[in-house]
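First comes the structure, then the notes that go with it.
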Amino acid sequence: MNLNQLPLLDIFDSLRQRHGLPLGIDEYLVVLHSLQAGFGIENTQELEQLCCLVWAKSEEENRLIERLFQQMWKRSEVKEENENSPEANSTLSIPENLQITSTETPIPEAGASNQSLPNLEKNPTLSPEPVQTVQAVLQRRVETRYETPLQRQRYSLLTEYFPVTKREMKQIWRYLRRPVRQGVPIELDIEATVEKMGHEAILLEPVLMPPRINQTDLVLIIDQEGSMVPFHELSRQLVETAERGGRLKQTNVYYFHDYADEYLYRQPTWVEAQPLTEVLEEIGKKAAVLIVSDGGAARGNFDAERIYFTRKWIEQLQQSVTYCAWLNPMPSESWKNTTAGEIAGMLPMFEMNRQGMNAAITVLRGRYVAWETMYSWLV
C-alpha cells in the first residue's frame, strides 16, 4: 500500500494545510514510530488518543482531530459495506503487491467496550489500518533506497515559513490586554460575598460584579512598497491575526512609505489619506501604537533625510501616545550602520519574530523592557 494514500496521512495533511496547525514531518514520524512500537494499535480510541497527544496543543484541536477520525471511520465502514456486497465480491480481486502478511495480534470484537479498528480490505490476509501503516513505512524505506532523485516525492511549499507563524501571532496578541470591569454584573465577587456573609451571618444573595473586558485600542502603522515588498504577506498576516484573533477592543491600520510625512493612508494602495495630526488626535493617549517597517535595513542604506523626517514624526507620536514600539522584519544584525540602527535609538525596536513580538507587546502594555541590551551593538 502506498503510504501517501493512507487515511492517517490524509488527516495529518488536513490538520496542517486546511486547518493551519503548525505540524511538521517530525510530528507525523513520532506517531508512526509509536505505532511500530505497539502503541495505539489495539482500538480506535487508542489511535485517536495517540494522535491527539502528539498533534494537538489545546482542547479545541483535540476535538478537531477526533472529528476528523470519526469522518474517517464512517468512510471506512461505507467502503467495507460496498466491498461486502454480492456485486463487489463477484469481481473483487486483490493484486499481489497489496497483500500484506496477517498479524497474530487479536483484534477486539465490535461489541467490546472500545470499538475495534476497521479493516480497510475485507480479506483475512490483511491487517488493521495502523499495522498496515507501519508495514507500509518499512516497505517505503526499502523502496527509497533504490529510487533516483527524480522518482522521489515532491513536497509543496508551505506559506508558514515566516519567523513567526499566524498561530503564534494570535497567541501573542492575546497578551495585549488592559482589562476593565464593565457591563452588567454577572460574575461572582467572592471576597465581597464572604464579607457580606460575615456581617449578615447568612447568605441571602451573592455579590456580583461586571466581567473584565479588554479595553486596548491597537494602532498598526505599516510601511508599504519599496524594500517592504517581500514582507507584504507577513504584514497582512499581522493585521489579520490582530483583527480576528487578538480579542482587542479596536484595531486601526494605517500605511505609509519610508516615513510618515503629512499623511497616513487607510489602504495599502495609498488611498483614503488622513492627515497625521488628525490621526494622532483620534487614537487617544492610551492607544498601543505598533510601527512595522524595515527602516532601510533591507537595502543596507544610511539615509540622512529619512532619519530626519522619521525622528520628526516619532516625536509627534510620542507626544500624543504613551505606548509605542517598532517591529522590524529584518534581523537585528542587519540594522548596524543603516537608517534602522539610528531609528532604533529613538524608540524600542524589535525583530519581527516570536521573541521580538513578545517584547514589543510587553512595551505596549506599559512595562519596561531593557530592549537596548537585546542587541549588543546598540549599547
Here FRET efficiency (C-beta to C-beta, GLU59 to LYS336, R₀ 56 Å, nearest 0.05) is 0.80
Counting DSSP beta bridges with both ends in segment 215-378, the antiparallel % (nearest 5): 20 percent
Report the gain in length on full extension from GLN36 to GLU315: 0.36 nm times residue separation, minus Cα-Cα distance, nm rounded to one decimal. 94.2 nm
What are the lysines whose alpha-carbon lies under 16 Å from the alpha-carbon of LYS170, with same-chain residues fewer than 8 places away excluded? LYS57, LYS249
Which of GLN274, LEU290, TYR255, positive extreme of dipole for segment 231-293 (C-beta unit charges): LEU290
Sorted on mean Cβ neighbours within 10 Å (highest first), peptides 278-285, 319-326 come out as 319-326, 278-285
If I model a spin label as a point 7 Å beyond the Cα along the Cα-Cβ vector, how far apart are those points for GLN45 and GLN274 in nm? 5.6 nm
Just to confirm a number: summing +1 for Lys and Arg and -1 for Asp and Glu over residues other than GLU195 whose beta-carbon lies under 15 angstrom from that of GLU195, what do you get? -3
Taking one equal scatterer on every alpha-carbon of segment 241-296, how large is log10 of I(q)/I(0) by Debye at q = 0.13, 0.21, 0.22 1/Å? -0.36, -0.93, -1.01
Within-11-Å neighbourhood charge of PRO211 [Cβ basis; K, R +1; D, E -1]: +1
Would you pull out the residues with amide H under 5 Å of CYS324's amide H, same chain only if 5 or more places away, H placed 1.01 Å from N? VAL289
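Taken together, the values in this text are just the output of simple stated rules run on the coordinates, not laboratory data. What you see is a predicted model, and the numbers here were worked out from it, not measured in a lab. With ideal geometry, Cβ positions are generated from the backbone for all residues, glycine too; neighbour counts draw on all protein chains shown.
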